[in-house]
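Taking it in order: structure first as structure tokens, then the write-up.
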Amino acid sequence: MDIATLVGLVAGAIVVSSLILMGGTFGMFYDIHAVIVIFGGSFAATMIRFPLSAMIHGVPLGAKFAFTLSRLSAHDLVDELARIAEIARKQGPVGLEKVETDEPFLAKGIRYVADGYDLDFIRDNLERDRDNFLMHLDEGSKIYRAVGDCAPAFGMIGTLLGMVQMFSNMSDPSKLGPFMATALLATLYGAVVANLICLPIADKLHGKLLDEETNRTLIIDGILMIRDSKSPTLVREMLLAYLPEKHRHTEGEPVPA
């Protein structure tokens, strides 16, 4: 689990809740009209922007990856692929049938090599798989960003609607308070939804998309070299290029100046 996402959301909720309780109760800050205009309006506008298929794939995938981390880091993948290359050199492709890994994409590549598929098939299939996954993750990031962009705008729409209703009922003072509450709460809901939930999740997903692109490309290159019977040392050295300079050396090994 990505603890940072969970801690950030909980901390934000605690901050907002504490401010609410310092000056009243939660009931004061609930208004069904503001809820409808923010959540209903934002999701309606987002559905206009994106095809239904993108919503179906992007929203749950984005929610999942906002709270999870990759099973293996890029450095771990280099070590894992070097280990697999060593097994392939000693036992041949058949030896890979018993290799187990926590990374499903890597496991798929290992299975292709163990089954003896040719190089072009492995490359095309894995690259297509990677591109489709990144496309859906990018859709998720864009959808959450779209909701984050829409929420403050619909907060303003709710504020305007509340003010129009308030000014239309100036003759009845008992209605001024509820309409003013709707106007202000719509702006509050829009700001919270955008700046505490949707826009941070969109940024988190964009960062994870870049990490996943690097990791999956690294896996593809490693699998292709293993299929091409490259030595474990060569596999490691080639894949280390994917890592930042400070992460290319084991603990205790001097880093070149």
Would you confirm, using the coordinates I've provided, whether ASN169 is touching a Lys or Arg at 6+ places or on another chain (Cβ under 7 Å) and of a type outside the set (A, V, I, L, M, F, W, C)? yes
Based on this model, can you work out whether ARG83 counts as closer than 30 Å to GLY222 by Cβ, touching a residue at least 40 places away in the same chain (Cβ under 8 Å) and either basic (Lys, Arg) or surrounded by fewer than 16 Cβ atoms within 10 Å (Cβ to Cβ) (or both)? yes
Picking from LYS175, LYS142, the residue that is open to solvent by 30 Å² or more (accessible area, probe 1.4 Å), among the basic types (Lys, Arg) and without any contact (Cβ under 8 Å) to a residue 12 or more places away in the chain would be LYS175
Quick test for you: out of VAL59, VAL35, VAL78, pick the one residue that is under 20 Å from the mean Cα position of the chain (by Cα) and β-branched (Val, Ile, Thr). VAL59
Checking ILE3 against (1) open to solvent by 50 Å² or more (accessible area, probe 1.4 Å); (2) touching a residue at least 24 places away in the same chain (Cβ under 8 Å), which single condition isn't satisfied? (2)
Please state which one of GLY58, GLY62, GLY40 is farther than 30 Å from THR217 by Cα, open to solvent by less than 50 Å² (accessible area, probe 1.4 Å) and either in contact with a His (Cβ under 9 Å, 6 or more places away or on another chain) or in the same structural domain as ARG145 (by the TED database) (or both). GLY40
Determine if segment 204-214 includes at least one residue that is open to solvent by less than 60 Å² (accessible area, probe 1.4 Å), closer than 30 Å to GLY116 by Cα and either over 31 Å from the mean Cα position of the chain (by Cα) or not charged (D, E, K, R) (or both). yes
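The values are calculated or read from the model by the stated rules, or taken from the named source; none is laboratory data. Just so we're clear, the structure is a prediction, and the values are computed from it rather than from any experiment. All Cβ positions, glycine included, derive from the backbone under ideal geometry; neighbour counts span all protein chains shown. Only protein heavy atoms, including side chains, enter the accessible area calculation; ligands, DNA and RNA are left aside. Shrake-Rupley method; radii C 1.70, N 1.55, O 1.52, S 1.80 Å.
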